[in-house]
Amino acid sequence: MDINELKRQSDLSYDTAVAKRNALEKARSRQVMAYNGHLFRADADTICLVRTLKESLDTFCVLDTNHNPVEITNPAEFLGRLIERNQESLNAYKQIYQTFTRKG
Amino acid sequence: MSIGVLLFCFDTEHTRYHRILERCVRLVRKNISDEITVITDFHTYQRMSPMGHINYRFIEPELGNKKDGQEWRNVDRHMAYELSPYDTTLVMDIDYFCFSDNLRQLLQTEHDFLVPDTAHDLTGRNTFDQRRWSMIPMVWATVLLFKKNDRVRKIFDTVKYVKQHYSYFAEMYRIYARNLRNDYLFAMALQQINGFTGYDKMPFALPTLPPDCEVVKMTDTGLAWKHNDQISCVEHQDVHVLNKEVADV
């Protein structure tokens with residue numbers, strides 16, 4: 001391979017990796033949401049936990065991002081908010097991600 | 001209960017911080033809150049363009065601090081508690097540009113004091129991991145959330161105490177930087193007042209653009225920067241810009 005082409009491809013890969021990292025960090029920041037006076041991360045772990053607890057309990061306790069206990073009295077509303085925020089952040093991430101694939 | 005944003009802005013001989021403030025205020029109003037109080041001096045105030053309804057409080061900034069050999073008027077943050085007219089206050093550096101409303105939800109929490117402890121280097125170089133030699137977990141006082149109550153007043157009293165004896169505390173905690181930085185000041189004070197244990201933090205890293213990045217374009221939704229002849233950009237993501245030339249963009 002021509003050394004200039006190698007350098008060009010290497011630079012492009014690096015820029016793509018940094019841009020992807022930034023987009024992922026943006027999505028992670030966006031997943032932080034306030035509910036019931038506390039902060040939660042609307043990630044897969046939280047969604048799975050809340051859904052699992054909701055199946056057997058009407059009210060339950062979960063930990064916020066600072067490990068403080070929070071009583072959830074309306075699991076359906078909480079789960080809906082978590083899913084909404086999760087998908088909002090990941091859809092935005094997907095849109096940015098598609099620009100990387102177009103660049104090759 | 002009143003809620004608002006508190007900003008500190010003092011022009012220096014070298015940097016027209018009021019230009020940065022004008023951009024910051026526009027974004028705060030769009031994404032965080034209409035309630036804004038600016039702490040400034042009369043000299044800086046006279047140079048500001050009209051920005052709509054804003055509360056101003058005038059103080060004489062404490063002088064003597066320097067950054068890269070230039071005057072740096074940043075040591076009045078410890079007075080935020082007394083100067084804020086709000087029950088719940090979000091204090092921000094004016095070079096923190098909120099292109100998203102992520103910070104707004106912090107105002108809806110029960111936390112009485114929150115500060116971030118990590119920064120995300122937007123250039124991918126992990127520039128800000130160098131502070132690990134210090135004996136304490138560092139914080140970024142770029143953004144602070146506080147509510148007025150007895151506990152938080154004591155936090156700010158401790159910040160004042162640490163500031164008063166800064167060289168002693170800096171030596172004790174292996175902070176080698178010569179100038180006074182609010183990040184260190186708050187990190188040491190929080191360590192002291194919290195009994196040398198952990199404390200609640202903002203659960204995200206502050207997206208930060210290192211000083212060697214030149215901001216080439218800024219809109220109401222994002223910015224573009226140049227680094228090593230390469231242009232990169234972010235949109236709808238907050239950015240803490242460390243290169244003060246942003247005043248001229």
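Sort through B:Leu63, B:Leu7 and tell me the only one that's assigned to a loop (DSSP other than H, G, I, E, B), out of contact with any Gly (no Cβ under 8 Å at 6 or more places or on another chain) and within 28 Å of B:Arg178 (Cα to Cα).
B:Leu63
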Which numbered condition in (1) within 25 Å of B:Arg16 (Cα to Cα); (2) touching a residue at least 24 places away in the same chain (Cβ under 8 Å); (3) more than 14 Å from every other protein chain (Cβ to nearest Cβ) is the only one that B:Asp34 fails? (2)
Given the structure, is A:Ala17 of a type in the set (A, V, I, L, M, F, W, C), without any contact (Cβ under 8 Å) to a residue 24 or more places away in the chain, buried (at least 17 other Cβ atoms within 10 Å of the Cβ) and facing chain B (nearest Cβ under 8 Å)? no
Residue by residue through the range B:226-249, note down the ones that are surrounded by 19 or more Cβ atoms within 10 Å (Cβ to Cβ), within 13 Å of another protein chain (Cβ to nearest Cβ) and β-branched (Val, Ile, Thr). B:Val234, B:Val239
Just to be sure I understand the filter: pairs with C-beta atoms under 7 Å, separated by 6 or more residues or on different chains, first member in the range B:155-175 and acidic (Asp, Glu) and modelled with pLDDT of 95 or more, second member surrounded by 14 or more Cβ atoms within 10 Å (Cβ to Cβ) and part of a helix (DSSP H, G or I). Which pairs pass? none
Within the range A:77-94, does at least one residue satisfy the condition of being among the acidic types (Asp, Glu) and exposed (fewer than 12 other Cβ atoms within 10 Å of the Cβ)? no
Looking at A:Leu57, A:Leu49, which one is more than 9 Å from chain B (Cβ to nearest Cβ) and either modelled with pLDDT under 95 or surrounded by 12 or more Cβ atoms within 10 Å (Cβ to Cβ) (or both)? A:Leu49
Conditions (1) of a type outside the set (Asp, Glu); (2) within 21 Å of the chain's Cα centre (by Cα); (3) not in a loop (DSSP other than H, G, I, E, B): number failed by B:Ser232: (2)
Only one of A:Leu39, A:Leu49 is touching an Asp or Glu at 6+ places or on another chain (Cβ under 6 Å), of a type in the set (A, V, I, L, M) and over 30 Å from B:Lys226 (Cα atoms); which? A:Leu39
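So if I check each of B:Tyr81, B:Tyr96, which one is under 25 Å from A:Glu88 (Cα atoms), of a type in the set (Phe, Trp, Tyr) and under 16 Å from the mean Cα position of the chain (by Cα)?
Values: B:Tyr81 fails: under 25 Å from A:Glu88 (Cα atoms).
Of the residues listed, the single one that is under 25 Å from A:Glu88 (Cα atoms), of a type in the set (Phe, Trp, Tyr) and under 16 Å from the mean Cα position of the chain (by Cα) is B:Tyr96.
Does A:Ala23 satisfy the criteria of being facing another protein chain (nearest Cβ under 10 Å) and not in a helix (DSSP H, G or I)? Before the answer, list the steps.
On the way: facing another protein chain (nearest Cβ under 10 Å): yes; not in a helix (DSSP H, G or I): no.
Against the criterion (facing another protein chain (nearest Cβ under 10 Å) and not in a helix (DSSP H, G or I)), A:Ala23 does not qualify.
Filter the range B:172-214 down to the residues that are touching an Asp or Glu at 6+ places or on another chain (Cβ under 7 Å) and either away from chain A (no Cβ under 14 Å) or hydroxyl-bearing (Ser, Thr, Tyr) (or both), then identify the one that is farthest from B:Val28 (Cα to Cα).
First, pick out the residues of the range B:172-214 that are touching an Asp or Glu at 6+ places or on another chain (Cβ under 7 Å): B:201, B:205, B:207-208, B:210, B:214.
Among the residues that remain, those that are also either away from chain A (no Cβ under 14 Å) or hydroxyl-bearing (Ser, Thr, Tyr) (or both) are: B:208, B:214.
On the way: B:Thr208: 17, B:Glu214: 22 Å.
Here the answer is B:Glu214.
Residues in the range A:76-99: is at least one facing chain B (nearest Cβ under 9 Å), out of contact with any strand residue (DSSP E or B) (no Cβ under 6 Å at 6 or more places or on another chain) and closer than 18 Å to B:Ala205 by Cβ?
From the range A:76-99, those facing chain B (nearest Cβ under 9 Å) are A:92, A:96; that's our starting set.
From what's left, out of contact with any strand residue (DSSP E or B) (no Cβ under 6 Å at 6 or more places or on another chain): A:92, A:96.
Now narrow it down to the ones that are closer than 18 Å to B:Ala205 by Cβ: A:92, A:96.
Yes, there is a match, as at least one residue in the range A:76-99 is facing chain B (nearest Cβ under 9 Å), out of contact with any strand residue (DSSP E or B) (no Cβ under 6 Å at 6 or more places or on another chain) and closer than 18 Å to B:Ala205 by Cβ.
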Among the numbered conditions (1) over 27 Å from B:Gly124 (Cα atoms); (2) out of contact with any helix residue (DSSP H, G or I) (no Cβ under 7 Å at 6 or more places or on another chain); (3) among the basic types (Lys, Arg), tell me where A:Lys94 comes up short. (1)
Can you tell me which of (1) of a type outside the set (Val, Ile, Thr); (2) over 23 Å from B:Phe113 (Cα atoms); (3) part of a loop (DSSP other than H, G, I, E, B); (4) within 12 Å of chain A (Cβ to nearest Cβ) is the one B:Asp220 doesn't meet? (4)
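The values are calculated or read from the model by the stated rules, or taken from the named source; none is laboratory data. Everything quoted here is computed from the prediction, not taken from an experiment. We place every Cβ from the backbone using ideal geometry, glycine too, and count neighbours over all the protein chains shown.
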